[in-house]
Amino acid sequence: MTETNARLGAAAPDKGWLERLLSPIADVRRGEAASALLITLTMFLVLAGYYLLKTAREIFILSEGGAEVKSYSSAGQALLLLVLVPAYGAFASRVNRTQLVQWVTLFFASNLLVFLGLLAAGIHIGIAYFLWLGIFNVMVIAQFWAFAADVFTEEQGKRLFPLIGLGSSLGAWLGSIRAGQLVQSVGPSRLLAGGAAVLVICALLARAINHMATMGAPQQSVSADAKLTGGRNGFSMVVSNRYLMLMAGLVLLLNVVNTTGEYLFGRYVVNTATAMYGAGPEAAAAREQFIGATYSSYFGYVNLLGLLLQMFMVSRVFKYLGLGRALLIHPAVALIGYAGMLRAPSFEFIRTLKILDNSLDYSLGNTTKQALWLPTSREAKYKAKQAIDSFCVRAGDVLQAGIVYTGELASFTIPAFAAINIVFVIGWLAVVSGLRRRLNAGAATGNAQP
């Protein structure tokens with residue numbers, strides 16, 4: 001069924017007062033609000049916990065003199081994921097979905113207790129913790145989105161994911177604020193303890209969500225209790241399936257374009273500060289103040305606009321344009337923006353562009369990527385998603401680092417880097433066009449070649 005036919009064939013909305021209250025954010029139907037809000041709360045806690053742990057990472061790295069690890073961490077994480085992703089798939093084949101989510105989440109929570117013990121013993125954990133958090137970030141968040149895609153049907157997910165995405169955005173925002181407050185009052189150890197507590201709560205919520213989703217639905221209950229099919233791991237599932245390969249390409253290309261854009265924006269900020277205050281040591285304080293104020297304002301606008309887009313735009317884009325067309329919006333904006341960089345635009349132009357770019361990525365882009373998993377099999381949601389959302393993200397980091405390193409050696413200008421990014425954006429557009437064709441054909445599955 002095409003996107004248009006699916007929308008026309010949907011049943012008339014049946015809503016109570018709570019569903020009507022949520023209608024500006026998502027099209028929630030009667031009987032769906034409780035489970036949707038519980039998953040939204042879970043994603044809120046997962047992202048809030050991550051930002052507690054992320055803030056602690058920066059403290060450990062800087063205080064232990066390991067800032068150079070950032071240049072090599074992505075490669076190390078990618079190598080570790082080559083082992084961890086198949087191990088995750090093997091464990092997933094032995095348990096049902098609730099056990100998988102619970103035990104993996106509790107495993108990462110136990111890791112934090114180990115780090116707390118090492119800190120109490122006076123042992124430096126900066127490098128190990130930096131590598132661990134990069135793996136935690138991609139694996140645990142991917143797992144909870146997979147759980148959400150498994151709990152809801154494809155039709156439900158397209159309506160409810162904008163609400164769940166809002167929980168994710170709010171968690172990231174409020175988690176970063178709370179982390180700053182805790183650091184000033186009690187120090188980084190409390191951040192790790194808080195993160196562990198949040199993960200335990202999320203593991204408990206997973207069981208409650210599963211019970212609520214299967215209550216009164218015997219067939220869903222049997223399906224939820226069933227173990228995942230054994231056999232292929234996530235990597236083999238991806239390489240054998242065209243739809244999954246396209247999703248892997250989407251994640252890789254998006255990550256390269258976004259991180260390269262951040263690098264270009266950073267160069268613009270530094271160049272502007274130097275042009276305004278000079279390059280001499282006597283102007284160092286003024287340059288630092290300008291850079292700090294610029295990034296503070298930049299992050300604030302990105303988070304605010306992303307939150308507003310998630311609340312009021314994403315569900316409407318899904319409803320009126322469909323998932324396939326929604327895929328085209330972010331790369332189209334990126335193409336226009338990087339084409340504008342070819343003529344060395346003003347600083348305000350580039351700042352406005354990056355605010356729009358990142359806010360789209362955090363709202364519409366993220367929700368759309370997660371919704372792409374709705375039509376896939378359960379095995380693909382858990383196994384292949386881990387391979388794509390973890391390894392491909394880190395592989396994109398490695399590729400982008402190589403681009404920047406090569407460009408710096410060759411003394412590339414900002415327009416030259418922008419031209420390289422345009423090539424990747426064109427590839428991004430080609431990938432989403434392929435995904436859209438398969439979505440419209442209704443042939444995307446996790447096990448069979450579409």
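What the table below lists for this structure:
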item	result
Subset tally (residues that are touching a Gly at 6+ places or on another chain (Cβ under 9 Å) and crowded, with 20+ Cβ neighbours inside 10 Å) for segment 34-43	4
Test result for L327, closer than 24 Å to P162 by Cα and either open to solvent by 20 Å² or more (accessible area, probe 1.4 Å) or out of contact with any strand residue (DSSP E or B) (no Cβ under 9 Å at 6 or more places or on another chain) (or both)	yes
Only listed residue being over 15 Å from V314 (Cβ atoms), in a helix (DSSP H, G or I) and either within 17 Å of the chain's Cα centre (by Cα) or touching a residue at least 24 places away in the same chain (Cβ under 8 Å) (or both), chosen from F161, F130	F130
Tabulated pairs, segment 45-61, first polar (S, T, N, Q) and outside any helix (DSSP H, G or I), second surrounded by fewer than 19 Cβ atoms within 10 Å (Cβ to Cβ) and modelled with pLDDT of 75 or more, C-beta under 7 angstrom, 6+ apart or interchain	none
Qualifying residue in segment 259-280 (condition: modelled with pLDDT under 90, of a type in the set (S, T, N, Q), touching an Asp or Glu at 6+ places or on another chain (Cβ under 8 Å) and open to solvent by less than 40 Å² (accessible area, probe 1.4 Å))	yes
T352 vs. criteria polar (S, T, N, Q) and over 20 Å from the mean Cα position of the chain (by Cα)	yes
Odd one out for A283 among (1) farther than 20 Å from N255 by Cα; (2) modelled with pLDDT of 90 or more; (3) open to solvent by less than 30 Å² (accessible area, probe 1.4 Å)	(2)
Residue among S297, S363, S315, S346 that is at negative phi and in contact with a Gly (Cβ under 6 Å, 6 or more places away or on another chain)	S363
Single residue of A419, A430, A371 found to be modelled with pLDDT of 90 or more and within 16 Å of A146 (Cα to Cα)	A371
Residue tally, condition in a helix (DSSP H, G or I) and either among the hydrophobic types (A, V, I, L, M, F, W, C) or within 21 Å of V393 (Cβ to Cβ) (or both), over segment 79-100	15
Some residue of segment 352-361 being over 21 Å from S168 (Cβ atoms) and either at pLDDT 85 or above or part of a loop (DSSP other than H, G, I, E, B) (or both)	yes
Test: residue in segment 159-171 that is at pLDDT 90 or above, open to solvent by 20 Å² or more (accessible area, probe 1.4 Å) and in contact with an Asp or Glu (Cβ under 8 Å, 6 or more places away or on another chain)	yes
Test for G187: is it touching a Gly at 6+ places or on another chain (Cβ under 6 Å), open to solvent by less than 20 Å² (accessible area, probe 1.4 Å) and modelled with pLDDT of 65 or more	no
V101 vs. criteria under 18 Å from the mean Cα position of the chain (by Cα) and at pLDDT 90 or above	yes
Among the candidates Q156, Q143, Q181, residue that is out of contact with any helix residue (DSSP H, G or I) (no Cβ under 7 Å at 6 or more places or on another chain) and either buried (at least 23 other Cβ atoms within 10 Å of the Cβ) or farther than 28 Å from A92 by Cα (or both)	Q181
Qualifying residue in segment 344-365 (condition: closer than 19 Å to L244 by Cα and in contact with a helix residue (DSSP H, G or I) (Cβ under 6 Å, 6 or more places away or on another chain))	yes
Near pairs, Cβ below 8 angstrom, 6+ apart or cross-chain, from segment 102-119 (open to solvent by 40 Å² or more (accessible area, probe 1.4 Å)) to any residue that is outside any helix (DSSP H, G or I) and at pLDDT below 95	W103/V95; L118/I125; L119/I125
Scan of segment 101-132 for residues that are closer than 30 Å to T214 by Cβ and either of a type in the set (D, E) or in contact with a Lys or Arg (Cβ under 9 Å, 6 or more places away or on another chain) (or both), ordered by number	V101, Q102
Residue within segment 241-253 that is modelled with pLDDT of 90 or more and not in a helix (DSSP H, G or I) present	yes
Test for A148: is it assigned to a helix (DSSP H, G or I), at pLDDT below 90 and closer than 27 Å to R394 by Cβ	no
Residues being aromatic (F, W, Y) and crowded, with 16+ Cβ neighbours inside 10 Å - total across segment 330-353	2
Count of residues meeting criterion [closer than 13 Å to R57 by Cα and not basic (K, R)] in segment 190-205	3
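Every residue, every condition in (1) assigned to a loop (DSSP other than H, G, I, E, B); (2) touching a residue at least 24 places away in the same chain (Cβ under 8 Å); (3) buried (at least 20 other Cβ atoms within 10 Å of the Cβ), yes or no:
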| residue | (1), (2), (3) |
| --- | --- |
| Q370 | no, yes, yes |
| L374 | yes, yes, yes |
| K381 | no, yes, yes |
| I388 | no, yes, yes |
| F391 | no, yes, yes |
| R394 | no, yes, yes |
| Y405 | no, no, no |
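The values are calculated or read from the model by the stated rules, or taken from the named source; none is laboratory data. Only a predicted model underlies this, so the values are computations on that prediction, with no experimental measurement involved. Cβ coordinates were reconstructed from backbone atoms using ideal geometry, including for glycine residues, and neighbour counts include every protein chain displayed. The area values use the complete protein model at the heavy-atom level, side chains included, leaving out ligands, DNA and RNA. Shrake-Rupley method; radii C 1.70, N 1.55, O 1.52, S 1.80 Å.
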